[in-house]
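Just so you know, all these numbers are worked out from the coordinates, no wet-lab data involved. Note that this is a predicted model, so its numbers are computed, not measured. Please note: Cβ atoms are built from the backbone with ideal geometry, for glycine as well, and neighbour counts cover all protein chains shown.
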Amino acid sequence: MKMTTPDIGVEKAVVSEILVKVGDVIAENDGIVLLESDKASVEVPSSMAGEVVEITVKQGDVVKEGVVLMTIKPASIEQPTPTTTAISTTLEVAPAQVEIVASTKAGALPAQSQPMTHILPTTIDHVHQLTTEQQAANASVYAGPAVRQLARELGVILTEVQATGMNGRIVKDDVFAYVKSRLNQPTATALATVAGLPALPDFSAFGGGEIQTLTRLQQVSIPQLSLNNLIPQVTQFDLADITELEAWRNELKTDFKKQGVSLTILAFMVKVTAYLLKEERYFAAHLMDDQKSVLLRHEIHIGIAVATEDGLIVPVLRHPEQKSIRQIAQELAELSQKARDKKLNPKDLQGANFTLTSLGSIGGTAFTPLVNFPQVAILGISPATMQPVWNGQDFEPRLLLPLSLSYDHRVINGVDAARFTHKLTLLLKDIRKILL
């Protein structure tokens, strides 16, 4: 079975690392090649379990979609398949994911694309450990975006790293080797310089414990989540009265159920949010690299956070403002099921410019969702509760839905965020307004 170069959202990419060798026995979704462009670094996963019998590319080759990377001899049917999903990409306005022929495993979060032996005990964001001069020096070094990101996270000065890649290019192995050498130095200063934090204390005197490896999805989420430290994020809270909306949903859900569609409040949230984003375009924008302008997108694509056994994943619902509530409800169910079954297509995870995350009926009154870079806003939804509301004469029971809007303050002002949530509450209170 030939493994070919997937569609990674750019015309050409460089083979920056080959993660396997001939004779290796790999599982489905194991990374085989790391491709790198000026916009993204993506780890190509194998679409099957088997043995690597031939590698047809070498480090430094420039490839495009359809080019054969290697040949894999399929494993026997008895061979176990993996239980984790390989996910890899780096930062860009429209994150590129990986697609292998007959493969359905990919993700939308930056990845630690090295084998597990490279995972360090302190993979956190340490950009603040570098001075402005050191960050400028890093920018002048010959290295790809994934390597630069890794250096920022680990507080590594790339000018101090010995390059082993082609034409003096620094690859991830070089950064890991540098960090390990510094961590092995018998001084607390060296550890603090590289890791930014002191070593984990020894808890053996207090009963000890056991080490449990994070899922692959959790591991590759760490660099993306650490970016939140670089975003001046603020959260605006509000309450939406959905008493009438819930009554209408209850009227509709029986008819929807007969057609195999589960109608939840989330479908209405998607529809109303998409409607508002057409007017409030800055909430679906992206801050440009020069931090002097923003990209105002022409289309609306809303990411929907889905909890799976391996962690959180965010498939994308396209053009919800153009779809009916029934269509949105159907697609939400399909995307959620595909996420839990690990059958998402790479394109299911690309291009979102706003995210919705709901706690459903789990509990809680409010929370602070993290802005999903390169987006600038995310809306969190907590469980609705019945509360007494003064109507001018009496208290009456009303169903209130807590909303938590987190946003990048560099792009969105506080008054605009308050106006956004207020408009949202008005639309949810009387959804007929979106028809006007």
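Which log10 I(q)/I(0) values, to two decimals, does region 274-356 give at q = 0.11, 0.13, 0.17, 0.25 Å⁻¹ under the Debye formula with one point per Cα? For region 274-356, the Cα-only Debye profile gives -0.33, -0.45, -0.72, -1.19. Note on Ser226, Ser404, Ser324, Ser46: ascending count of other Cβ atoms within 10 Å places them as Ser324, Ser226, Ser404, Ser46, the fewest first.
Taking the fewest neighbouring Cβ atoms within 10 Å as the starting point, the ordered list for Val22, Val141, Val171, Val389 is Val22, Val389, Val141, Val171. Of the residues Asp348, Asp174, the one with the fewest other Cβ atoms within 10 Å heads the list, and the complete ranking is Asp174, Asp348. Shape class for region 232-434, computed from the alpha carbon gyration tensor (a ≥ b ≥ c): oblate, with a/c not under 1.5 and a/b at or below b/c.
Placing +1 on the Cβ of every Lys and Arg and -1 on the Cβ of every Asp and Glu, with nothing else charged, gives region 2-73 a dipole about its Cα centre of roughly 180 debye. The Leu214 and Gln327 beta-carbon pair, evaluated with R₀ = 45 Å, returns a calculated FRET efficiency of approximately 0.80.
Packing-based ranking of 396-403, 263-270, 56-63 yields 263-270, 396-403, 56-63, ordered from highest to lowest mean Cβ neighbour count within 10 Å.
Each residue of region 427-436 was assigned a 3J(HN,Hα) from its phi angle through the Karplus expression (A = 6.51, B = -1.76, C = 1.60, θ = phi - 60°), giving 5, 6, 5, 9, 5, 5, 5, 6, 8, 7 Hz with x at Gly and Pro. Annotation: lysines with alpha-carbon distance below 16 angstrom to Lys180 (same-chain offsets under eight excluded): Lys172.
Viscosity 1.567 mPa s, temperature 4 °C: Stokes-Einstein D of region 2-73 from its Kirkwood Cα radius, in µm² per second? Result for D is 109 µm²/s.
For region 2-73, lysine pairs with C-alpha atoms less than 17 angstrom apart, excluding pairs fewer than eight positions apart on the same chain, total 10. Taken one residue at a time, the phi angles of region 327-337 give Karplus couplings (6.51, -1.76, 1.60, θ = phi - 60°) of 5, 5, 4, 5, 5, 4, 5, 5, 5, 5, 5 Hz. Gly and Pro are set to x. Under 21 Å of direct C-alpha separation, and excluding same-chain neighbours fewer than eight residues apart, Lys423 reaches these lysines: Lys271, Lys278, Lys323, Lys433.
Counting Lys and Arg as +1 and Asp and Glu as -1 over every other residue whose Cβ lies under 15 Å from the Cβ of Ala163, the net charge comes to -2. Subtracting the Cα-Cα distance of Lys258 and Gln162 from their residue separation scaled by 0.36 nm leaves 28.2 nm. Where in region 396-436 does the amide nitrogen come within less than 18 Å of the point 7 Å from the Cα of Thr385, taken along Cα to Cβ? Residues passing the 18 Å test: 396-405.
Projecting the Cα atoms of Val63, Leu35, Ser16 onto the dipole axis of region 2-73, where Lys and Arg carry +1 and Asp and Glu carry -1 at the beta carbon, places Val63 farthest toward the positive end.
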